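Before any comments, here is the structure.
The values are calculated or read from the model by the stated rules, or taken from the named source; none is laboratory data. Just so it is clear, the model here is predicted, and its values are computed rather than measured. Here the Cβ positions follow ideal geometry from the backbone for every residue, glycine too, while neighbour counts run over all protein chains shown.
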């Protein structure tokens with residue numbers, strides 16, 4: 001019988017002691033480092049896109065909460081590692097497998113969003129003057145697909161190694177921040193005058 005590779009990894013991680021002779025916490029550390037590097041790539045894309053948009057007359061909204069968002073996501077990585085190395089929780093095989101699968105899914109969704117929005121994608125709330133509606137890709141199904149991906153990722157990354165405290169605390173903090181972020185973003189998009197007309201049921205988005 002074939003065994004799903006993620007399930008196999010989860011089962012191996014469940015053996016707290018060793019994976020190829022190495023403490024599972026080291027493998028989790030490697031995973032967190034990879035996620036951190038991926039975030040740096042995203043920040044580079046965002047900076048490039050911001051220059052492109054601002055050069056075309058775009059406006060930035062809600063810049064005051066942006067440093068808090070960056071601090072939250074940076075702290076998530078630090079807190080996950082701290083809990084895993086300090087509390088030394090035993091990975092739960094099924095939870096590890098599901099968390100890795102969801103984490104891969106969130107990465108795919110994030111880059112689907114980035115690919116769909118192109119130069120308009122940003123980690124900041126930057127809106128171009130023409131405010132063209134984007135109705136393709138994941139925006140056919142969700143109003144804020146990127147925030148869904150972020151919310152899932154915040155919860156499941158710590159759960160790869162059963163860091164429950166980090167998962168709960170940062171999920172709550174992220175939900176509170178997203179309430180502010182989404183309100184700022186939607187107010188900014190409405191400033192273009194077309195958002196409410198073109199997004200009556202929340203299935204489409206204007207440039208992020």
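Would you point out the residue of segment 49-102, among those that are in a loop (DSSP other than H, G, I, E, B) and touching a strand residue (DSSP E or B) at 6+ places or on another chain (Cβ under 7 Å), that is farthest from residue 175 (Cα to Cα)? Here the residue is 58.
Of the numbered conditions (1) modelled with pLDDT of 95 or more; (2) more than 30 Å from residue 115 (Cβ to Cβ), residue 8 satisfies every one except a single condition; which is it? Result: residue 8 passes all but (1). Taken over segment 114-137, residues that are in contact with a strand residue (DSSP E or B) (Cβ under 9 Å, 6 or more places away or on another chain) and under 23 Å from residue 155 (Cβ atoms) amount to 0. Every residue in segment 70-83 that is surrounded by fewer than 18 Cβ atoms within 10 Å (Cβ to Cβ) and over 18 Å from the mean Cα position of the chain (by Cα), please. Passing the criteria: only 82.
Conditions (1) over 16 Å from the mean Cα position of the chain (by Cα); (2) over 23 Å from residue 124 (Cβ atoms); (3) surrounded by fewer than 19 Cβ atoms within 10 Å (Cβ to Cβ), marked per residue:
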site	(1), (2), (3)
63	yes, no, yes
68	no, no, yes
85	yes, yes, yes
88	yes, yes, yes
96	yes, yes, no
109	no, no, no
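Could you please let me know if residue 46 is closer than 15 Å to residue 74 by Cβ and in a helix (DSSP H, G or I)? Considered against the rule, which asks whether it is closer than 15 Å to residue 74 by Cβ and in a helix (DSSP H, G or I), residue 46 comes out as yes.
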